[in-house]
Amino acid sequence: MYNKRPVADNIFYIGVNDRQKNFFENYLPLPEGISYNSYLIIDEKVALIDAVDIGFADVYFAKIDAILNDRPVDYLIINHMEPDHAGAIGLLKQKYPAIQMVGNTRTFDMLNGYFGIRTHLHEVKEGSSLSLGKRTLTFYAAPMVHWPEVMATFESTDHILFSADAFGSFGTLDGDYLDTRISVERYRNELRRYYACIVGKFGAPTQALLKKLSSLEIQTICPTHGPAWRQEIKNVIRLYDQWSRYEAEEEGVVIAFGSMYGNTQQLAEAIAEGIVSRGIKNVVIYNVSKTDTSLILSDIFKYKGLIIGSPTYMNDIYPMIEKLLSAIKHRGIKNRLYSCFGSFTWAGAAVKQLTAFAATMGWELAGTPVENKQAVFPDKYQEAFDLGQTFANRLISLRFSISR
């Protein structure tokens, strides 16, 4: 029923696609679904690398059975215990009672907590190895990328890194799992959105993992979500290095605004015109009431400039802007050029708070924030346009200071 999908000789992809779920972790939109990736290694011993969501256990077991023909599984390598990967572990234990659970002490705490599994445990530590026969697996701790028990597993014969959630992407795998056999264009933005939303808070741990991996000759990266990377390895690692150091990919500006009756939006439009007039082409404007925060965060990781606008709402910031600020602060995003703007009718408060946000984040504030009372008249529209030009000039100066 299921075709074998080799990663290498006697190493197979046995993951599943979730095309039903609307939200990842019950809050991040999944317009293109998501995959739960697992891998099977057949040697003198048989090893599974990670499991899948419990809702797909029947498909998962059928794929295993189609390859093994009733041969038992000796080891389950648990790189990550989050239920979207670990959900089927309890059923795996029932199917293969003697299976050895390979993980670290934190893994075992979670195995007990989720499934009550306390036996047949094979503990591994940083740099320790497990022989399957001809193949050897070596384990590297990756705590807080993005849970404390996470580890990565390296297979040394074919130089395959099983990387847990690191290097993962939203989006189902349509027809194949390997980047050499599918179009990777549809995954570029979802790779970044996944990083921004799931891993983005943990820049320092990600840098620590990249340092460990730098000594390995990696030919394939097999994450637990999205494509396996082969031809794109250098690019994907480069992007993870940039993102985890909070460096922008490109020169550009995100303008995110909230607006009840359109006045704050008019200021956003004027600022964008001012930026583009100075030759900056990458400008994206988001209405926070219509665009999910995860999409805005993805572009904030992509571009150097960020300008946020809010009306004063009940003597405070507009609620959806407050949500965006909380998401930015939670991820500790650094090294952004920033400005702000806003509107009010009888008492202004939002712009003052947005201005203070620059100091909270340690960002450079470029230009004088624009605050508008009631309707937007030509003089205030011009002020917003001028802010855009000032902001663009500073962004351009940073470009030239870096090039020198």
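The values are calculated or read from the model by the stated rules, or taken from the named source; none is laboratory data. The model shown is predicted, which means the values in this text are computed figures rather than measured ones. Every residue, glycine among them, receives a Cβ derived from its backbone with ideal geometry; neighbour counts consider all protein chains shown.
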*asked:* Which count do you get for residues in region 78-103 that are within 25 Å of residue 169 (Cα to Cα) and of a type in the set (S, T, N, Q)?
replied: 1
_Looking at region 291-304 only, could you name the residues that are assigned to a helix (DSSP H, G or I) and touching a Gly at 6+ places or on another chain (Cβ under 9 Å)?_
297, 299, 301, 302
*Which one of 161, 137 is more than 17 Å from the chain's Cα centre (by Cα), modelled with pLDDT of 95 or more and under 17 Å from residue 195 (Cβ atoms)?*
161
*For region 295-304, enumerate the residues that are aliphatic (A, V, I, L, M) and crowded, with 19+ Cβ neighbours inside 10 Å.*
296, 297, 300
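What residue, of 63, 21, is of a type in the set (Lys, Arg), part of a helix (DSSP H, G or I) and in the same structural domain as residue 151 (by TED's automatic domain parsing)?
Just a single option satisfies the conditions, and that option is 63.
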_Identity of the residue in region 319-352, small (Gly, Ala, Ser) and either in the same structural domain as residue 144 (by TED's automatic domain parsing) or part of a strand (DSSP E or B) (or both), that ends up farthest from residue 391 (Cα to Cα)_ = 343
*Out of 224, 264, sole residue that is of a type in the set (S, T, N, Q), within 15 Å of the chain's Cα centre (by Cα) and not in a strand (DSSP E or B)*: 224
*asked:* Against the condition touching a helix residue (DSSP H, G or I) at 6+ places or on another chain (Cβ under 7 Å) and either in a loop (DSSP other than H, G, I, E, B) or outside the structural domain of residue 38 (by TED's automatic domain parsing) (or both), how does residue 165 come out, does it pass?
replied: yes
*Restricting attention to region 90-111, does a residue exist that is outside any helix (DSSP H, G or I), at pLDDT 95 or above, of a type in the set (A, V, I, L, M, F, W, C) and closer than 18 Å to residue 149 by Cα?*
yes
*Kindly check whether there is at least one residue in region 224-232 that is surrounded by fewer than 17 Cβ atoms within 10 Å (Cβ to Cβ), of a type outside the set (Gly, Ala, Ser) and at pLDDT 95 or above.*
yes
*Out of (1) surrounded by fewer than 21 Cβ atoms within 10 Å (Cβ to Cβ); (2) not in a helix (DSSP H, G or I), what's the single condition that is false for residue 307?*
(1)
*Among what's in region 346-365 and is more than 28 Å from the chain's Cα centre (by Cα) and of a type in the set (Gly, Ala, Ser), pick the residue that is farthest from residue 246 (Cα to Cα).*
347
*Test: residue 399 is among the basic types (Lys, Arg) and either buried (at least 22 other Cβ atoms within 10 Å of the Cβ) or touching a residue at least 60 places away in the same chain (Cβ under 8 Å) (or both)*: yes
_In region 196-255, the residues that are basic (Lys, Arg) and free of Cβ contacts under 8 Å to residues at least 24 places away in the same chain_ = 211, 234, 238
_Top-ranked residue of region 61-82 - restricted to ones that are within 19 Å of residue 103 (Cβ to Cβ) and under 31 Å from the mean Cα position of the chain (by Cα), ranked as surrounded by the fewest Cβ atoms within 10 Å (Cβ to Cβ)_ = 82
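Yes or no: region 329-350 includes at least one residue that is within 29 Å of residue 169 (Cα to Cα), of a type in the set (S, T, N, Q) and either touching a residue at least 40 places away in the same chain (Cβ under 8 Å) or touching a His at 6+ places or on another chain (Cβ under 7 Å) (or both). Walk me through how you get there before you give the answer.
The first filter runs over region 329-350 and keeps only residues within 29 Å of residue 169 (Cα to Cα), leaving 329-338.
Filter once more, so that each one left must be of a type in the set (S, T, N, Q): 335.
With either touching a residue at least 40 places away in the same chain (Cβ under 8 Å) or touching a His at 6+ places or on another chain (Cβ under 7 Å) (or both) added as a condition, the list becomes 335.
Looking for residues that are within 29 Å of residue 169 (Cα to Cα), of a type in the set (S, T, N, Q) and either touching a residue at least 40 places away in the same chain (Cβ under 8 Å) or touching a His at 6+ places or on another chain (Cβ under 7 Å) (or both), one finds at least one in region 329-350, hence yes.
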*asked:* Just checking, does region 303-313 include any residue being farther than 18 Å from residue 253 by Cβ, at pLDDT below 95 and touching a strand residue (DSSP E or B) at 6+ places or on another chain (Cβ under 8 Å)?
replied: yes
_Members of region 11-37 that are crowded, with 17+ Cβ neighbours inside 10 Å and free of Cβ contacts under 8 Å to residues at least 60 places away in the same chain_ = 12, 14, 16
*region 47-62: number of residues that are under 22 Å from residue 161 (Cα atoms) and in contact (Cβ under 8 Å) with a residue 40 or more places away in the chain*: 6
